[in-house]
1. Which one of these does residue 19 not meet: (1) open to solvent by 100 Å² or more (accessible area, probe 1.4 Å); (2) modelled with pLDDT under 90?
2. Residues being open to solvent by 70 Å² or more (accessible area, probe 1.4 Å), in a helix (DSSP H, G or I), closer than 25 Å to residue 138 by Cβ and not basic (Lys, Arg): count how many of those fall in region 43-69.
3. What about residue 39, is it in contact (Cβ under 8 Å) with a residue 12 or more places away in the chain and open to solvent by 50 Å² or more (accessible area, probe 1.4 Å)?
Amino acid sequence: AIIESKARHDQLVAEQEEYEKMSDSMAKIASTIRDAIKLQMKQVLAILEKDMTAIYEKITRGSPIPKIFIGVPDEKSASLSLRVSFYDITDPVPPGGYLSESFINSLGIAVFLSAVKNFNSSFPFIVLDDIVSSYDAEHRGHIVDIIAEDFKDYQIILTTHDYMFYKQLKQRLQDKHWRF
């Protein structure tokens with residue numbers, strides 16, 4: 001019985017070693033896949049950053065434009081990080097501590113529109129609901145320009161409670177086949 005127990009023990013140890021080798025191989029494969037995903041995410045986010053910065057700059061013409069960073073999550077986090085930097089690009093900060101409400105909203109619109117532009121081109125449809133509540137008339141005009149020029153090939157449903165913005169839209173887009 002001792003000899004049989006020893007043989008069974010040796011067999012189980014050999015199986016355990018094989019499972020550990022398989023586990024190591026799977027961990028290497030998973031690491032390779034994670035690295036490839038991170039690389040692809042960085043490439044996609046670089047495109048988003050570029051478009052987002054261009055849209056943000058169009059909305060906030062004449063204002064200082066921060067460098068916008070979108071960070072790839074680490075393995076523990078599933079969230080992207082959005083940071084801005086005006087001077088020190090080695091230490092970007094959360095936008096909430098440094099940008100006004102309208103500039104934060106501009107950043108949000110820029111993120112949304114650049115994502116639509118890059119990932120939704122096969123279904124060119126945008127719904128925007130009351131997006132100008134924290135903007136002055138000049139910035140509202142810039143948003144109208146972006147909609148008219150950069151998204152002219154999209155079907156857009158835009159709602160607003162602001163009569164002045166409605167008038168701006170109607171005046172700027174009257175020859176663009178919009179229905180009001």
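The values are calculated or read from the model by the stated rules, or taken from the named source; none is laboratory data. All values reported here derive from a predicted model rather than from experimental measurement. Here the Cβ is made from the backbone with ideal geometry for all residues, glycine too, and neighbour counts use every protein chain on show. Quick note on the areas: whole protein, heavy atoms, side chains included, nothing else; ligands and nucleic acids left out. Shrake-Rupley method; radii C 1.70, N 1.55, O 1.52, S 1.80 Å.
1. Status for residue 19: all satisfied but (2).
2. Matching residues across region 43-69 total 1.
3. So residue 39 does not fit the description; no.
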